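The values are calculated or read from the model by the stated rules, or taken from the named source; none is laboratory data. Small disclaimer: the values here were computed from a predicted structure and weren't measured. Ideal geometry is used to build each Cβ from the backbone, glycine not excepted, and the neighbour counts take in all protein chains shown.
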Amino acid sequence: MTTVWDALRGGLMTRALGLAAEHGVADALRDGPVPVEELAARSGADPDTLHRILRALASDGIFEEVEPGVFANTEESEALLEDGWDAFARLFGGVWLRAVAGLDATGEASFPRVFGDEFWSWLREHPDERAAFDRAMEQNWQRRIERLDAVGWRGDETVVDVGGGNGTHLGALLERHPEMRGIVFDLPETVRNEASFSERLTFVEGSFFDRVPGGDVHVLSTILHDWDDESARRILETVRVAAAPDGRLLLVESVIEPDNEPAGAKWLDLLMLVIAAGRERTEVEWRALLAAAGWQPVQFHEAGVIEARPCR
């Protein structure tokens with residue numbers, strides 16, 4: 001029964017954590033315990049409601065009530081102080097949760113039905129949410145760079161990060177390889193600070209459905225799972241046109257295993273369905289998708305990177 005209860009209350013926990021992030025609780029506790037009245041005064045929350053939210057989260061180890069009405073961070077809540085995790089929590093506990101509530105078994109994305117527009121267009125019209133989304137995509141960027149380093153590099157490549165957001169990931173990769181050059185390719189509304197880019201890093205605006213800059217290696221980091229198979233194939237075909245004959249394609253993506261073991265990707269798969277009718281894929285599905293777009297899979301790395309070459 002415990003497992004069923006935990007599953008049933010999941011939406012409440014998601015919303016509570018989103019509210020804690022929205023009201024900046026983890027940051028306010030950065031230097032030590034703070035009374036809930038002071039936390040509420042800082043953020044404009046109702047003290048009693050904020051107390052009840054934090055008390056519930058503390059019961060699962062996210063924050064700690066060190067004495068009645070006084071809260072502190074825990075190792076779990078301190079994750080909200082790391083790159084992008086606060087924005088990620090706000091998205092999960094905000095617009096994504098509202099869209100998830102509209103999930104049904106029709107196979108259609110519920111986000112457009114709930115918000116009256118498809119996700120990417122909606123982001124374009126809501127710049128604050130776009131900024132939060134771009135910041136959220138920074139979460140776990142160190143792990144993504146470690147995954148990419150696992151595939152091996154010559155060191156002097158021109159790397160195109162397709163859908164590369166604000167350039168955080170590619171900038172970090174370039175720091176590890178001083179002779180490498182990079183191009184971040186994304187939509188013009190992407191929130192970024194080009195003044196912080198090194199001279200080896202360039203931002204190019206555009207849609208990956210229309211064109212992609214040429215380079216030695218094209219990286220798509222958790223991009224294709226946002227899209228259905230037809231759209232994902234179109235993206236891969238666009239990249240294939242831009243790729244050199246001996247170029248490489250690196251996909252940082254989950255690969256769903258055919259078993260009943262716990263796997264975050266199986267839940268992320270449902271979120272992708274909700275947002276844009278996207279999906280996580282099995283190895284068989286990845287191979288079929290790549291082949292349909294003119295790519296030959298080379299290796300499925302344990303680090304979570306799929307490596308492919310253009311079909312000859």
The one condition residue 289 fails out of (1) of a type outside the set (Phe, Trp, Tyr); (2) in contact with a Ser or Thr (Cβ under 6 Å, 6 or more places away or on another chain); (3) more than 22 Å from residue 146 (Cα to Cα) is (2)
Are there any pairs with C-beta distances below 7 angstrom linking a residue in segment 166-178 that is farther than 10 Å from residue 145 by Cβ and polar (S, T, N, Q) to a residue that is outside any helix (DSSP H, G or I) and modelled with pLDDT under 90, with the two at least 6 apart or on different chains, and if so which? 166/190; 166/191; 166/192
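Could you say whether any residue in segment 250-258 is farther than 30 Å from residue 118 by Cα and either out of contact with any strand residue (DSSP E or B) (no Cβ under 6 Å at 6 or more places or on another chain) or charged (D, E, K, R) (or both)?
From segment 250-258, those farther than 30 Å from residue 118 by Cα are 258; that's our starting set.
Next cut, either out of contact with any strand residue (DSSP E or B) (no Cβ under 6 Å at 6 or more places or on another chain) or charged (D, E, K, R) (or both) only: 258.
Looking for residues that are farther than 30 Å from residue 118 by Cα and either out of contact with any strand residue (DSSP E or B) (no Cβ under 6 Å at 6 or more places or on another chain) or charged (D, E, K, R) (or both), one finds at least one in segment 250-258, hence yes.
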Whichever residue in segment 257-299 is out of contact with any Lys or Arg (no Cβ under 9 Å at 6 or more places or on another chain) and in a strand (DSSP E or B) and, among such residues, is surrounded by the most Cβ atoms within 10 Å (Cβ to Cβ): 281
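Does segment 158-168 contain at least one residue that is of a type outside the set (D, E, K, R) and part of a helix (DSSP H, G or I)?
If we filter segment 158-168 for residues that are of a type outside the set (D, E, K, R), which is where we start, we get 158-160, 162-168.
Narrowing further to those that are part of a helix (DSSP H, G or I): 168.
Taking every residue of segment 158-168 in turn, at least one turns out to be of a type outside the set (D, E, K, R) and part of a helix (DSSP H, G or I).
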For segment 23-51, which residues satisfy the criterion of being over 23 Å from residue 87 (Cβ atoms), in contact with a strand residue (DSSP E or B) (Cβ under 8 Å, 6 or more places away or on another chain) and hydrophobic (A, V, I, L, M, F, W, C)? 36
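Under 14 Å from the mean Cα position of the chain (by Cα), closer than 27 Å to residue 100 by Cβ and of a type outside the set (Asp, Glu): is that true of residue 235 in this structure? Lay out the reasoning, then the answer.
Numbers: under 14 Å from the mean Cα position of the chain (by Cα): no; closer than 27 Å to residue 100 by Cβ: yes; of a type outside the set (Asp, Glu): yes.
Against the criterion (under 14 Å from the mean Cα position of the chain (by Cα), closer than 27 Å to residue 100 by Cβ and of a type outside the set (Asp, Glu)), residue 235 does not qualify.
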